[in-house]
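Asks: Please find one structure pasted underneath; my questions will follow.
The values are calculated or read from the model by the stated rules, or taken from the named source; none is laboratory data. What you see is a predicted model; the values in this text were computed from it and never measured. Note: ideal-geometry Cβ built from the backbone for every residue, glycine included; neighbour counts use all protein chains shown.
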Amino acid sequence: MSLMWNKFKEVLVVTVLSATALSCIGQSDNSRVIKREKMKVIYIMDPQCGWCYGNSSNIKSLYQEYGDKLEFELLVGGMWLGPNAPKGGEGLSGFLQTHAPRMSQTTGAQVGQAYYDLAKDPSYTFSSLEPSAAIVAVRQIAPDKLFEFVGLVQKALILDGKRLDKQETYQQIVEQLSIDYSTFQKVWMTESNVQETIQEFKRAGSMASGFPTLLVETAVGTHPLAAGYFDLNQMKSKLDSL
């Protein structure tokens, strides 16, 4: 893992420079909807983003209800990378304990004490790279299970306090979803998959100023549906009006 990280460090630093302005967004600033044919819904998130965790059941519900009517694409954003990825410590744990309860109260998503405990661990870096690369890998291996996988990854971190740089965390999740774990292992942190993940960070950074972001792509361009956590029923109404 450390060899792979070092190999891509220079590339990641460049990526960080374009990603530093990106952050978790709280409740959504919903925008107008433009009607067009052949539309695609684009969801931009980061596995380290607490509001994305709070929104995970909403986006999964939208995908399940509208996936046969609209094309869906999920992009990872690269919120915390390289030197900008915070290490565990009392400061980080205190920050999370101050801000996470509001997310939990607003969204209903539970935050576990194990998450705060992990945030105190100085041996752990809250990097977006490893979980994002896992998401990109599952998109290749089992695209129909992508949204469910993403939700379980964030639950493993924020509810159960699992490290997202360890293979064991993903093994339990992929096996739960009946995804072949040996295939996942072969793809996860390979050079090609990490490079694809880094390119995705750049693309997401050109489309969103924070996470989560929901967009609709039409024949004439890409337009915002929501910036931040969104209400599920309100978003269903928006999609019904497309």
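Asks: Could you please let me know if Gln185 is outside any strand (DSSP E or B) and without any contact (Cβ under 8 Å) to a residue 24 or more places away in the chain?
Replies: So Gln185 fits the description; yes.
Asks: Which one of these is at pLDDT 95 or above, surrounded by 17 or more Cβ atoms within 10 Å (Cβ to Cβ) and over 15 Å from the mean Cα position of the chain (by Cα): Ile158, Ile198, Ile173?
Replies: Of Ile158, Ile198, Ile173, the one residue that is at pLDDT 95 or above, surrounded by 17 or more Cβ atoms within 10 Å (Cβ to Cβ) and over 15 Å from the mean Cα position of the chain (by Cα) is Ile173.
Asks: Given the options Phe95, Phe147, Phe126, name the one that is touching a residue at least 40 places away in the same chain (Cβ under 8 Å), out of contact with any helix residue (DSSP H, G or I) (no Cβ under 7 Å at 6 or more places or on another chain) and hydrophobic (A, V, I, L, M, F, W, C). Walk me through it before giving the result.
Replies: Numbers: Phe95 fails: touching a residue at least 40 places away in the same chain (Cβ under 8 Å); Phe147 fails: out of contact with any helix residue (DSSP H, G or I) (no Cβ under 7 Å at 6 or more places or on another chain).
Just a single option satisfies the conditions, and that option is Phe126.
Asks: Then there's this: So how many residues does the stretch 207-242 have that are without any contact (Cβ under 8 Å) to a residue 24 or more places away in the chain and at negative phi? Explain how you work it out, then say what you get.
Replies: In the first step, residues of the stretch 207-242 are kept if they are without any contact (Cβ under 8 Å) to a residue 24 or more places away in the chain; the result is 221, 233, 237, 240.
Among the residues that remain, those that are also at negative phi are: 233, 237, 240.
Total meeting the criteria: 3.
Asks: Taking the stretch 195-242, which residues are among the acidic types (Asp, Glu) and either over 24 Å from Gln105 (Cβ atoms) or not in a loop (DSSP other than H, G, I, E, B) (or both)? Break it down into steps so the answer makes sense when it comes.
Replies: Let us first name the residues in the stretch 195-242 that are among the acidic types (Asp, Glu), namely 196, 200, 217, 231, 240.
Result: Glu196, Glu200, Glu217, Asp240.
Asks: Continuing with this model, one more query. Limited to the stretch 71-92, what total is found for residues that are free of Cβ contacts under 8 Å to residues at least 40 places away in the same chain, in a helix (DSSP H, G or I) and within 27 Å of Thr197 (Cβ to Cβ)?
Replies: Counting residues in the stretch 71-92 that are free of Cβ contacts under 8 Å to residues at least 40 places away in the same chain, in a helix (DSSP H, G or I) and within 27 Å of Thr197 (Cβ to Cβ) gives 1.
Asks: If you take the residues of the stretch 112-121 that are of a type in the set (A, V, I, L, M, F, W, C) and buried (at least 21 other Cβ atoms within 10 Å of the Cβ), which of them is nearest to Tyr170 (Cα to Cα)? Step through it out loud before you land on a result.
Replies: Of all residues in the stretch 112-121, those of a type in the set (A, V, I, L, M, F, W, C) come to 114, 118-119.
Pick out the ones that are also buried (at least 21 other Cβ atoms within 10 Å of the Cβ) and you get 118-119.
Working: Leu118: 17, Ala119: 19 Å.
Among those that are of a type in the set (A, V, I, L, M, F, W, C) and buried (at least 21 other Cβ atoms within 10 Å of the Cβ), it is Leu118.
Every residue, every condition in (1) in a helix (DSSP H, G or I); (2) buried (at least 17 other Cβ atoms within 10 Å of the Cβ), yes or no:
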residue	(1), (2)
Lys69	no, no
Gly94	yes, no
Met103	yes, yes
Ser123	no, no
Ala134	yes, yes
Glu148	yes, yes
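Asks: Moving on to the next point. Hey, Val220 hits all of (1) surrounded by 15 or more Cβ atoms within 10 Å (Cβ to Cβ); (2) more than 28 Å from Gln27 (Cβ to Cβ) but one; which does it fall short on?
Replies: (1)
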